[in-house]
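The values are calculated or read from the model by the stated rules, or taken from the named source; none is laboratory data. Remember, it's a predicted structure, so these values are computed and weren't measured experimentally. All Cβ positions, glycine included, derive from the backbone under ideal geometry; neighbour counts span all protein chains shown.
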């Protein structure tokens, strides 16, 4: 009898193990992550890191047009609606010769928050938030070489939009490997913004990056800062984080702090509805999250505002469509 009981017990145990085995979910690592998630924060970002590939996948294509320089003023109109007038004899080669004939016009017109994020041109200057009416990249080339704007000459630019302000200034873009940073152009006699009911008209003696913008904190708004709490595999080697203001055309980059393993916004105005946007490339997959928040004062503790975010796997096309909708 005892032998029969032992056999029955063994059968029940085997059946239970078989039932449990059916409920086990096996984890298969994503392609490119067979060695496990990378949780190391980097002091320097290289072009071989996943975040660099992520940046490149979001970049807007450069508009390339051409125009014939004549004895009179020459005009151009780009595919994205940027209109420009080049004064006669205003462009020169590197050795100072006046450019003539057909030249190449390279341009970009950034009008939305998504444009600024895709081109890594957050609207910040001197650690202050900017409200942007639009940013422009403009470069002229002839015979595979850049042209310069002759001293004393100014380019006229115009693009249609719904104006956000009538008191914008010109900011020049400083190009770095990480992003574009903005500096106010103090030459107000040669760099100014005129506003119509449907457009901005810009006069400038500066080529490459310019931004028609104003400081968000002109009324001396109180400031705060935000930091993100992300899963450990979201590092500066594979992730970008931005803060977009819901009510104005302003975007702030959250910069990496490797020693603290977090992304931080720096000072931003308080009591503002914002959206935190996280994008990451890990292995062959992309991850994305958006998190609504309201900026709050630092308070007596002076600790930054913490935002918890957990991105999810998302197709790159979905991420781009979201940015284009901002």
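List of remarks:
For every residue, the table says whether it meets (1) modelled with pLDDT of 95 or more; (2) under 18 Å from residue 256 (Cβ atoms).
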residue: 279; (1), (2): yes, yes
residue: 292; (1), (2): yes, no
residue: 301; (1), (2): no, no
residue: 304; (1), (2): no, yes
residue: 311; (1), (2): yes, yes
residue: 314; (1), (2): yes, no
residue: 317; (1), (2): yes, no
residue: 323; (1), (2): yes, no
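- Unmet requirement for residue 258, which otherwise passes all of (1) in contact (Cβ under 8 Å) with a residue 60 or more places away in the chain; (2) in contact with a strand residue (DSSP E or B) (Cβ under 8 Å, 6 or more places away or on another chain): (2)
- Test result for residue 56, surrounded by 11 or more Cβ atoms within 10 Å (Cβ to Cβ) and modelled with pLDDT of 90 or more: no
- Hey, residue 249 buried (at least 23 other Cβ atoms within 10 Å of the Cβ), farther than 30 Å from residue 285 by Cβ and in contact with a helix residue (DSSP H, G or I) (Cβ under 8 Å, 6 or more places away or on another chain) or not: yes
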